[in-house]
Amino acid sequence: MFNKIDTEGCFTPNLTSDLIFKALIKKINYDCSILELGCGSGFIGIKLFNTKSLNLKMHASDISETSVEKTIKNYKNNSIPCQIKVSDGLSAWKNAKFDVIVSDV
């Protein structure tokens, strides 16, 4: 189980977030690199990392500095390594490659 995820001041996970998470659980069955684009609080990535017993390399970004600060805090509180950036879409990820990009925007 994971620690509480603080969503104050950023996107609050909803039914769509849960559906995306459930779809990822079914599809990701291998070690991979994941980018949560428009991460909000980091909800999907944190929940996924704590549910799958795989070697997941987590990355997250959002255009909102408040959301990125919240995501950094939430990943740290859950002891999950993650590269987190403020980014307008994929602009901060030039030359980066990911196996999975998830976006709940």
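No lab work stands behind these numbers, since they all come straight from the coordinates. Since this is a predicted model, take the numbers as computed values, not measurements. Virtual Cβ from ideal backbone geometry, glycine too; neighbours counted across all protein chains shown.
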Handout entry: Cα-based reach from residue 27 at 24 Å (exclusive), listing lysines while leaving out same-chain residues under 8 positions away
Key = 47, 52, 57, 97
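Within 12 Å, Cβ to Cβ, of residue 29, how many net charges do the neighbouring residues add up to if Lys/Arg are +1 and Asp/Glu are -1? Can you show the working numbers first?
Working: positive: 26, 27, 52; negative: 31, 99.
Spelling it out: positives minus negatives among the neighbours equals +1.
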Handout entry: Label selected from (1) 0.95; (2) 1.00; (3) 0.92, the criterion being Rg/Rh (Cα atoms, Kirkwood Rh) as computed here
Key = (3)
Practice task
Just grab the label-to-label distance for residue 31 and residue 103, each label 7 Å out from Cα along the Cβ direction, in nm (one decimal).
Solution key: 2.9
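Please work out the FRET efficiency for the pair residue 52 and residue 94, using the Cβ-Cβ distance as r and a Förster radius of 35 Å; give the result to the nearest 0.05. Walk me through the intermediate numbers first.
Numbers: r = 28 Å, r/R0 = 0.79.
The computed FRET efficiency comes out at 0.80.
Helix-only mean residue ellipticity at 222 nm, the chain, DSSP H runs n ≥ 4 weighted -39,500 (n - 2.57), per residue, nearest 500. What is it?
Computed mean residue ellipticity for the chain: -10500 deg cm²/dmol.
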Handout entry: Additional length obtainable on full extension of the chain from residue 83 to residue 6, 0.36 nm per residue less Cα span
Key = 25.9 nm
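Let me have the relative contact order for the chain, percent, based on Cα pairs under 8 Å that are six or more residues apart.
Details: 175 pairs, mean separation 35.8, N = 105.
Normalised by residue count, the contact order of the chain is 34 percent.
Explain nothing, just the number: dipole magnitude of the chain about its Cα centre with +1 on each Lys and Arg Cβ and -1 on each Asp and Glu Cβ, in debye rounded to the nearest 20. Intermediate results must be reported in sequence, preceding the final value.
Details: 13 positive and 11 negative charges, 77 e Å.
That gives a dipole near 380 debye.
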